[in-house]
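Data first, discussion second: the structure below is written as structure tokens.
The values are calculated or read from the model by the stated rules, or taken from the named source; none is laboratory data. Owing to the predicted nature of the structure, the values given are computational and were not obtained by experimental measurement. Neighbour counts run over all protein chains shown; Cβ positions are idealised from the backbone, glycine included.
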Amino acid sequence: MVRDITLGQYLPGNSIIHKMDPRSKILLLIAYIVVIFLCRNFVSLLIISLFSILIILLTRISFLKYLKSLRMIIFVIILTGIFNLFYGTGNVLFEWWIFRITTGGVNNALFVIVRITILMMVSAVLTYTTSPTDLTDALERLMKPLSIFHVKVHEIALMMTIALRFIPVLLEETDKIMNAQKARGADMESGNVFQRVKALMPVLIPLFVSSFRRANDLAMAMECRCYNGGKNKTRMKILYFSKIDLFASIISVIIFGAVIFTNTLFQPVI
Amino acid sequence: MDKFIQVCDVYFRYDSDDESSRNNFALNGVNMEIGRGEFVAVVGHNGSGKSTLAKHFNSIYLPVAGNIYVNGINTKDDDRLFDIRKSVGLVLQNPDNQIVAGIVEEDVAFGCENLGVPSKEIRSRVDNALKTVGMYEYRTHSPDKLSGGQKQRVAIAGIIAMEPECIVLDEPTAMLDPQGRNEVISTIHDLNKRMGITIILITHYMEEAVLADRVIVMDSGKVLTEGTPKEVFSKVEMLKQHRLSVPQATELIHKLKGCGYELPECVLDENECADALAKLLTENKVGGKNNVINKS
């Protein structure tokens, strides 16, 4: 069960998207998210959806993987979809007791579902095609200006690298501890919410203790490899803005422009 | 042989608030010398101070009294800390806890990046290090998909990429299965033979110690005895007194000798043991065979 988590999962590959500079990927993703929420009619939504599908195809990663990235939030999508269905104005299509479905509601639900779905999938493009270190490296560079405000940019980036690295390790450990406690007769599946939370304590305490031990070991291993707080640090991979990035940025700007233009051109439906 | 590391009368104790344990020294006057290019195994039972000693070689711990010189540099010299850590690499027991980055090659590059090696050179160093330990084809993998032995080899590659003169391995095989253990041990021997890297292997597997040039036995924070594997493992009784085991083959021959058979002073592995027994059997053909079987 814990193996299915897609957070920070990197799938090595050789596609154009893989070769893009992680910094431009992050910036374009941010712009993309803003544009998704600017969409107010079906034409613009269609354009951005087609663009998303194009990006996903360009990564040459199986579509199943993207569907998997949705599995974690499928309930969120369904739930917000249902809520939006009953929330809106317009012609009444169906009415029963306090429930009333209107054309506005249907539109709302449709927009919310499409938006969240493509948002998740395109965000997955970033994590699937960028190695964790590249990602944190890029964030470190992008946040560099913040260091004038005494934000410890390097430390934050390192913490993210380590967090991403240890998520699977700690999940596996949680599984092991849970099994060990179950073998001793711990009951974690029955009872009400409070009882279940309480039953988790014998799992969390050993997990904390072992995390501290791991942290101690890791700090020592880092010291052995001359870690000195990131002073005079060089990089194996140099990030540079290539032709692919320029090309991708131009295309994205055109598409985003088209979305905003069609937005004003046609009547907004939500 | 050129002395690479000199340990001179080193004492060490862990910080403790407990008044009664103030005088428990983990290291109790250790003296030893490690030659350049040597393969030294340090053995001892749990709590003998062998792991504590391992962390002294590259200034992770500093002696309370006494001095350690690496390449003539005192490990207490704070200005040359990185010179010491660059020349003496340390590999720890748990492979999971010493891998920093989420991709194999990026983890191997971590040490070089900290040292400020130019990017192009890092690339070639990383590739070479990964080829040396036989993990090159896994360079873009995530470490959590590897086996224990593979992870440990990645950790070793991370140290090799820094081009150290000496690698200290603190029980690198303790958490591995037999196959992973073989992978790691043969990698270490390869490094010693082909690249001339000094190896200090801390272990409690006597079978691993047998393959070293020199064995140092530690007990309660002191060096108990040292010498070639033959010299050390011929003292079976003394090792047993200090709760240490000897390789199975050595023990068998020792016991047989105790029964009055004419056998060599000390054998170290199965092949030698088989040869010695075959020799014994052919020499006393009449009835000899039955005797051996009965008594052993």
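For the stretch A:135-144, the count of residues that are at the interface with chain B (Cβ under 10 Å from one of its Cβ atoms), touching a Pro at 6+ places or on another chain (Cβ under 8 Å) and small (Gly, Ala, Ser) is zero. B:Lys76 falls short on exactly one of the conditions (1) assigned to a helix (DSSP H, G or I); (2) over 17 Å from the mean Cα position of the chain (by Cα), and that condition is (1).
Among the residues of the stretch B:79-97, those that are part of a strand (DSSP E or B), aliphatic (A, V, I, L, M) and touching a helix residue (DSSP H, G or I) at 6+ places or on another chain (Cβ under 7 Å) comprise B:Leu90, B:Val91. Please verify whether B:Ala161 is among the small types (Gly, Ala, Ser), in contact (Cβ under 8 Å) with a residue 40 or more places away in the chain and in contact with a strand residue (DSSP E or B) (Cβ under 8 Å, 6 or more places away or on another chain), treating the condition exactly as stated. For B:Ala161, the condition - among the small types (Gly, Ala, Ser), in contact (Cβ under 8 Å) with a residue 40 or more places away in the chain and in contact with a strand residue (DSSP E or B) (Cβ under 8 Å, 6 or more places away or on another chain) - is not met. Applying a threshold of 9 Å to beta carbon distances and a minimum spacing of six or more residues, or different chains, the list of pairs starting in the stretch A:203-220 at a residue that is in contact (Cβ under 8 Å) with a residue 40 or more places away in the chain and ending at one that is in a helix (DSSP H, G or I) and of a type in the set (Asp, Glu) reads A:Ser211/A:Glu173; A:Arg214/A:Glu173; A:Arg214/B:Asp96.
Taking the conditions exactly as written (among the small types (Gly, Ala, Ser) and at positive phi), does B:Gly196 satisfy them or not? In short, yes. Among the residues of this structure, A:Arg165 counts as one that is at the interface with chain B (Cβ under 10 Å from one of its Cβ atoms), of a type in the set (Lys, Arg) and assigned to a helix (DSSP H, G or I). Filtered by the rule that a residue be surrounded by fewer than 11 Cβ atoms within 10 Å (Cβ to Cβ) and not small (Gly, Ala, Ser), the stretch A:180-197 gives A:Arg184, A:Glu189, A:Asn192, A:Val193, A:Phe194. Look through A:Val76, A:Val92, A:Val122 and report the one residue that is under 21 Å from A:Thr262 (Cβ atoms) and aliphatic (A, V, I, L, M). Result of the check over A:Val76, A:Val92, A:Val122: A:Val122.
For the stretch B:98-151, the set of residues classified as at the interface with chain A (Cβ under 7 Å from one of its Cβ atoms), part of a loop (DSSP other than H, G, I, E, B), of a type in the set (Gly, Ala, Ser) and surrounded by fewer than 21 Cβ atoms within 10 Å (Cβ to Cβ) consists of B:Gly116 only. When the stretch B:79-97 is filtered for residues that are under 22 Å from A:Ala163 (Cα atoms) and either more than 26 Å from the chain's Cα centre (by Cα) or more than 7 Å from chain A (Cβ to nearest Cβ) (or both), the ones remaining, listed by number, are B:Val91, B:Gln93, B:Pro95.
Yes/no matrix, rows are residues, columns are (1) more than 13 Å from chain B (Cβ to nearest Cβ); (2) at pLDDT below 90; (3) part of a loop (DSSP other than H, G, I, E, B):
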| position | (1), (2), (3) |
| --- | --- |
| A:Gln9 | no, yes, yes |
| A:Gly13 | no, yes, yes |
| A:His18 | no, no, no |
| A:Ser24 | yes, no, no |
| A:Leu27 | yes, no, no |
| A:Val35 | yes, no, no |
| A:Arg40 | yes, yes, yes |
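Restricted to helices (runs of 4 or more DSSP H) entirely inside the stretch A:180-270, those with at least 2 residues that are within 11 Å of chain B (Cβ to nearest Cβ) are A:201-224.
Yes or no, residue by residue, for (1) farther than 25 Å from A:Ile17 by Cα; (2) modelled with pLDDT under 90:
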residue: A:Ala221; (1), (2): yes, no
residue: A:Gly229; (1), (2): yes, yes
residue: A:Lys237; (1), (2): no, yes
residue: A:Tyr240; (1), (2): no, yes
residue: A:Phe247; (1), (2): no, no
residue: A:Ile251; (1), (2): no, no
residue: A:Phe256; (1), (2): no, no
residue: A:Ile270; (1), (2): yes, yes
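Residues of the stretch B:45-78 that are at the interface with chain A (Cβ under 10 Å from one of its Cβ atoms) and free of Cβ contacts under 8 Å to residues at least 40 places away in the same chain: B:Ser59, B:Ile60.
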